[in-house]
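Below is one structure, written out as structure tokens, with a few remarks after it.
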Amino acid sequence: MKLEQLEKSIGYTFQNKDLLKNALTHTSYAFENHIQSNEKLEFLGDSILEFISSKYLYANFPKLTEGEMTKVRATIVCEESLYKIAKKHNFSDFLYLGKSELASHKEARPAIMADSVEALIAAIYFDSNLEEAEKFIVENLKEPAEVASKHVGEKDYKTVLQEILQQHGEVKIQYEIIKEQGPDHDKLFTAEVKYNGKALAVGEGRTKKAAEMEAAKKAIEGLKQEKK
């Protein structure tokens, strides 16, 4: 697919197309073709992302404490969040991956997709200015930030389940992915949670983490029913 389609999707047109190509070049492709990978752009993009996301949270969520802003920022700039951005703009159709990488994985791994988003941020910055990079970041993170800010004080289901089960001492809690369905770019995972070897519940999700969280949620609901 043509890079113009990606530019249209992200809402930014590069003056220097080589910068865009560099941002999409994985180390495997760079090594095989003796060119520069996107690692250096990713390094800078990570810092820009952290600064802009911090600035956005500071300006738009005045009621959050410093600790809460730190938690929200960690949620919206994590690999899973950036992977969702890359997926939204179909980065996998434009990434330059080496034959070795494609032989091991038919499609771009989530970590590679997430890294390319950070590289793209730096590429936009070099091609224009910080304001343009900020536009891209805010446009893609304002909704996740809104969601994360509403749940920042809540404990996640895995933590809650652990606290419930460990009320009377240490126990062994295990999560296992027992099923994977669908193509690589749109997988559905099924996770099972066990307590001292006993199966408690299963859950589904588009990521392994989400499936584990759903399994923990259902386990908590099951334990509450047992107490009634």
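The values are calculated or read from the model by the stated rules, or taken from the named source; none is laboratory data. Computed from a prediction, not measured in an experiment: that's the story for all the values here. Note: ideal-geometry Cβ built from the backbone for every residue, glycine included; neighbour counts use all protein chains shown.
Which residue out of Glu118, Glu134, Glu66 is among the acidic types (Asp, Glu), out of contact with any Cys (no Cβ under 8 Å at 6 or more places or on another chain) and surrounded by fewer than 19 Cβ atoms within 10 Å (Cβ to Cβ)?
Going through Glu118, Glu134, Glu66 in turn, the sole match is Glu66.
Restricting the range 154-201 to residues that are assigned to a loop (DSSP other than H, G, I, E, B) and acidic (Asp, Glu), which is farthest from the chain's Cα centre (by Cα)?
Checking each candidate, the answer is Glu170.
Which pairs turn up if I take residues in the range 1-16 that are free of Cβ contacts under 8 Å to residues at least 60 places away in the same chain and look for partners that are loosely packed, with under 12 Cβ neighbours inside 10 Å with beta carbon separation below 7 Å, at least 6 apart in sequence or on another chain?
If the second residue must be loosely packed, with under 12 Cβ neighbours inside 10 Å, no pairs are left.
Quick one: which of Glu80, Glu7 is surrounded by 13 or more Cβ atoms within 10 Å (Cβ to Cβ), farther than 25 Å from Glu131 by Cβ and not assigned by TED's automatic domain parsing to the domain that holds Ala210?
Matching residue, one of Glu80, Glu7: Glu80.
Given the structure, is Glu101 out of contact with any Leu (no Cβ under 9 Å at 6 or more places or on another chain), acidic (Asp, Glu) and within 21 Å of Val77 (Cα to Cα)?
no
Kindly establish whether Lys87 is part of a helix (DSSP H, G or I), modelled with pLDDT of 90 or more and under 20 Å from the mean Cα position of the chain (by Cα).
Yes; evaluated as a whole, the condition is true for this residue.
Which one is farthest from the chain's Cα centre (by Cα) among residues in the range 92-102 that are buried (at least 17 other Cβ atoms within 10 Å of the Cβ) and closer than 16 Å to Thr27 by Cβ?
Step by step, filter the range 92-102, then rank; the result is Gly98.
How many of the residues in the range 202-223 are within 30 Å of Ala114 (Cα to Cα), of a type in the set (A, V, I, L, M) and either more than 23 Å from the chain's Cα centre (by Cα) or surrounded by 17 or more Cβ atoms within 10 Å (Cβ to Cβ) (or both)?
5
Could you grab me the full set of residues in the range 3-56 that are under 22 Å from Lys106 (Cβ atoms) and outside any helix (DSSP H, G or I)?
Residues satisfying the conditions are Leu24, Thr25, His26, Ser37, Asn38.
Of all residues being touching a strand residue (DSSP E or B) at 6+ places or on another chain (Cβ under 9 Å) and aliphatic (A, V, I, L, M) in the range 13-40, which is surrounded by the most Cβ atoms within 10 Å (Cβ to Cβ)? Just the residue, please.
Leu24
Based on what the data block shows, is Pro62 assigned by TED's automatic domain parsing to the domain that holds Lys135, without any contact (Cβ under 8 Å) to a residue 12 or more places away in the chain and either closer than 24 Å to Ser9 by Cα or not aromatic (Phe, Trp, Tyr) (or both)?
Considered against the rule, which asks whether it is assigned by TED's automatic domain parsing to the domain that holds Lys135, without any contact (Cβ under 8 Å) to a residue 12 or more places away in the chain and either closer than 24 Å to Ser9 by Cα or not aromatic (Phe, Trp, Tyr) (or both), Pro62 comes out as yes.
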